[in-house]
1. Could you tell me how many of the residues in the range 112-138 are open to solvent by less than 50 Å² (accessible area, probe 1.4 Å), farther than 10 Å from ILE97 by Cβ and either part of a helix (DSSP H, G or I) or of a type in the set (D, E, K, R) (or both)?
2. Among the numbered criteria (1) within 30 Å of LEU232 (Cβ to Cβ); (2) outside any strand (DSSP E or B), which single criterion is violated by ILE336?
3. Let me spell it out: the conditions are (1) closer than 20 Å to MET224 by Cβ; (2) part of a loop (DSSP other than H, G, I, E, B); (3) touching a helix residue (DSSP H, G or I) at 6+ places or on another chain (Cβ under 7 Å), and LEU279 meets all of them except one. Which number is the exception?
4. Hey, among the residues in the range 223-266 that are aliphatic (A, V, I, L, M) and out of contact with any Phe, Trp or Tyr (no Cβ under 9 Å at 6 or more places or on another chain), which one's surrounded by the fewest Cβ atoms within 10 Å (Cβ to Cβ)?
5. Return the pair list, or none, for Cβ contacts closer than 6 Å from residues in the range 127-150 that are closer than 19 Å to GLY178 by Cβ to residues that are of a type in the set (Lys, Arg), at least 6 apart or on different chains.
6. Which is farther than 21 Å from ASN195 by Cβ and either among the acidic types (Asp, Glu) or at pLDDT below 95 (or both), of PHE282, PHE313?
7. So is ARG177 part of a loop (DSSP other than H, G, I, E, B) and either buried (at least 17 other Cβ atoms within 10 Å of the Cβ) or without any contact (Cβ under 8 Å) to a residue 40 or more places away in the chain (or both) or not?
8. Could you count how many residues in the range 1-46 are touching a residue at least 12 places away in the same chain (Cβ under 8 Å) and among the basic types (Lys, Arg)?
Amino acid sequence: MKKNDTEQIRIANRKLIINYVRINGPVARVDIGRALKLSPATITQITSELQKSGRVLELSSEPDGGIVRGRPRVLIDLASDASYVLVVKLSINELRILLGDHKGNVVTEAIYELQTREINCEQLTGKLLDSIESFIKKLPKRQKPKAICVAVQGVVNGVTGEILWSPVIKERNIQLRGLIEERTKLPTTVINDANCLAIGIRQLPLYQDLKDVVVVMLGHGLGMGCFINGALYQGPSGGAGELGHLNYMPNGAQCLCGKRGCVEAYLGDYALFRDARMLLPFAADDDLHPTEESMQALVDLADAGNADLVDLFHRAGVALGYALAGVIGILSPEKIIISGPGVRSYKYLDPGIKAGLAAALVPVLSMDTSVEVANLNIDQLIVGAINLALQALD
């Protein structure tokens, strides 16, 4: 084996160990080796190097529950202050900037309101860059970030960091990564927000061992992140996973992408709220980006027995079921996990999803794939974005 090959294997193993400790720590070295199928010598060498560099801490020895014979196990964990990264979440009319630590936790954040659809590209990027710079300047010196991840709605070229299209802004082909790196001098990743959610959900112990898994993000729109053989699949230019813009109904409902009949045009928050306003006299809201309160009100009315809204959610579920049938028929993943703020109405979507799957898919094709919902208390999209930024440092 060539020296370069050996070094690449060592780097890959180091990343695996750091990520495992980030998810499962504090943890004993022997458990890391068992989980990752690495030798004790490899684990000891790499964790010792990480400990010397201040990235890993050795904690007090602990017995493995109750009275045990022999020496108690020594646990290790990541040092939370070893490094920091910045996450920028850009969505319609809102900019969130967060600081994440070495363990993947949110340290602090700021939220800025701006009318993204009413300003041009230059104004948007100017506001974004100024906000990032202002946020960093307010941080203590020891918390200055070393990398940035930008999560944005829409189609993103993950290779070049270019936003090809996004409902956030009317203009297209925004070279965002270069602008941020030029201003901050920090390595920057620009990625679709659904991919961040997929990364964050797969970080959960319940899902981290899955090799082939699809995460569907319900919210303002409809997104998808896909892991194939354990690796996030984004396609040659990062545009894979645009489940929301598969056509469900030719010449159907208007979608924000400009086309008609997309799945998202029946399932996204803006679509549900638009259709609900045709049924009931709701108070005025931003039809393009309805508030969480407005969307929860739809669920509350369905809970109260409003048959029109129950039917609306059911029809939206059918559209999603047809879309998922396509995913299963092509990829046959182990699991499809549905998450995001849109799962607030999942109990009403679920019957429609099942009906759509049954109508669109030969039963034998769905035998190996389970579909489940992940209604999470923590924003796993942000967790995923922090971890993606940290990967540039690991």
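1. 6
2. (2)
3. Looking at each condition in turn, LEU279 falls short on (1).
4. Taking the candidates together, the pick is ALA231.
5. Qualifying pairs under 6 Å: LEU129/ARG183.
6. The match here is PHE282.
7. No: the conditions fail for ARG177.
8. Selection size over the range 1-46: 5.
The values are calculated or read from the model by the stated rules, or taken from the named source; none is laboratory data. Given the structure is predicted, the values throughout are model-derived calculations rather than measurements. So basically every Cβ, Gly included, is an ideal-geometry build from the backbone, and we count neighbours across all protein chains shown. Surface accessibility is based on the protein's heavy atoms, side chains included, excluding ligands, DNA and RNA. Shrake-Rupley method; radii C 1.70, N 1.55, O 1.52, S 1.80 Å.
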